[in-house]
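We did not get these values from a lab; they are worked out from the coordinates using the rules stated. The structure displayed is predicted, hence computed values, not measured ones. Note that we place each Cβ from the backbone using ideal geometry, even for glycine, and neighbour counts take in every protein chain shown.
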Amino acid sequence: MTRVFSGIKPTGHLTLGNYLGAMRRWAEVDQHRADALFCVVDLHALTVDHDPARVRRLSRQAATLLLAAGLDPERCTVFVQSHVDEHARLSYLLECVATDGEMRRMIQYKEKAAREQARGGSVRLSLLTYPVLMAADILAYGTDEVPVGDDQTQHVELARDLAVRFNHRYGHTFTVPKATSPAVAARVMNLQDPASKMGKSDDSGPGIVYLLDEPEVTRKKVMRAVTDSGQDVVYDPQERPGVANLLEILAACEGGDPAELAGSYHSYGALKKDAAEAVVDVLRPVRERHRELCADPGYVEEVLRAGARRARERARPTVDAAYRAIGLLPA
Ligand code: TYM
């Protein structure tokens, strides 16, 4: 059976980008056709300045939202990364396979490190090694497929490279994974700045639709989206990124093709109105289920405990095999 693994980082409130680019597919497709594991990757949230209480709160919220989005613990494994030691155990071995140059070439590292330095802050070493921990997340489970948005493909490529290199040097140990992305909305853009990704850790609230925004707030954000100069509605991500983003969001929410949808609109206003309603409709059941789950925190905790047990069982044989293959004495 195909093994699927993916993760989400509790560094901010989850967004429409997380949902359309990743979570929705996990719930609607992946958990039904594969042995799938979905992880709140809390260790990754420690790579930038963080508040411990906030990370704890956001981790719980992310896990609750994964269930609210439709992940079914009877069909897939939902857990928290720090509950399964195998991730950190494997990460160190992969640091001994990755190179410094490889890490410094990672786009997200370059962007985040530059931002951190511009603020006068220091860059945590874990920000540099982050993609190795992500490779460990993936490789520990013998993962075939990693369903992610576009921004993560370079990291999954690194996981592939490390798997191939490790296998070549020390004997076959890891499955070589591949990234899969959705056909539309693989990169939902910020509504106020359509040149940038809609990211949960960004500060610009009005351009980001959060899954837990009230419907009225969501409507306002979409209606106020920056569009392009020009009048006609065409799908042209290069020249008209704002309109293209709205068309992609609408297409992802309702089904259909963004270029074809463009043909049925004669004004930006009408497009925005439909996109706003489509987003509100898609998020409504998630918000409702989230509310129900919040009333029963014991249930979510039990799901995470059972998920960690299952995840540990799946990861341990591969990680133990990697320890032996690389030359460490069995305990
Ligand atoms: P994270 O937490 O930034 O995002 C979680 C998932 O949401 C997708 N995504 C988007 N898709 C479309 N448009 C957007 N604007 C958008 N923003 C986010 C991401 O591509 C991702 O699929 N490094 C990862 C977490 C991670 C991971 C892993 C993922 C750690 N280990 C192992 C897969 C496998 C991250 O920061 O995702």
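Multiplying the residue separation of Arg54 and Asp296 by 0.36 nm and subtracting their alpha-carbon distance yields 85.1 nm.
Output the Kirkwood hydrodynamic radius of the chain, Cα pairs only, in Å rounded to one decimal.
On the way: mean 1/r = 0.0483 Å⁻¹.
With all distinct Cα pairs of the chain included, I get 20.7 Å.
Here the range 40-96 is described by how far its Cα atoms reach on the three principal axes: 38, 28, 14 Å, from widest to narrowest. Of the chymotrypsin sites (Phe, Trp or Tyr not before Pro) found in the range 1-63, none is in coil by DSSP with at most 15 other Cβ atoms within 10 Å of its Cβ. Kirkwood hydrodynamic radius of the range 215-292, from the reciprocal of the average inverse Cα-Cα distance over all distinct pairs: 12.8 Å. When each of the peptides 63-69, 122-128 is scored by how many other beta carbons lie within 10 Å of its residues on average, the order from highest to lowest is 63-69, 122-128. For the chain, the tally of Lys pairs with Cα-Cα distances below 27 Å comes to 28, considering only residues 8 or more apart or on different chains.
Of all DSSP beta bridges confined to the chain, the antiparallel ones make up roughly 10%. When the P(r) of the range 159-219 is calculated, the portion above 16 Å amounts to 63% of the C-alpha pairs.
Among the helices of the chain, those built from whole DSSP H runs whose Cα atoms reach 18 Å or more along their own axis and whose mean Kyte-Doolittle hydropathy is at least 1.0 are 125-139, 241-254. Take each peptide in 169-182, 224-237, count the other Cβ atoms within 10 Å of every residue, and average; sorted highest first, the result is 169-182, 224-237.
Please find the FRET efficiency linking Leu46 to Ala259, where r is the Cβ-Cβ separation and R0 is fixed at 41 Å, and quote it to the nearest 0.05. It would help to have the intermediate numbers written out before the result.
On the way: r = 42 Å, r/R0 = 1.02.
Calculated transfer efficiency: 0.50.
Translational diffusion of the range 1-98 was estimated from the Stokes-Einstein equation, with Rh taken as the Kirkwood radius over Cα pairs; at 4 °C and 1.567 mPa s the coefficient is 91 µm²/s.
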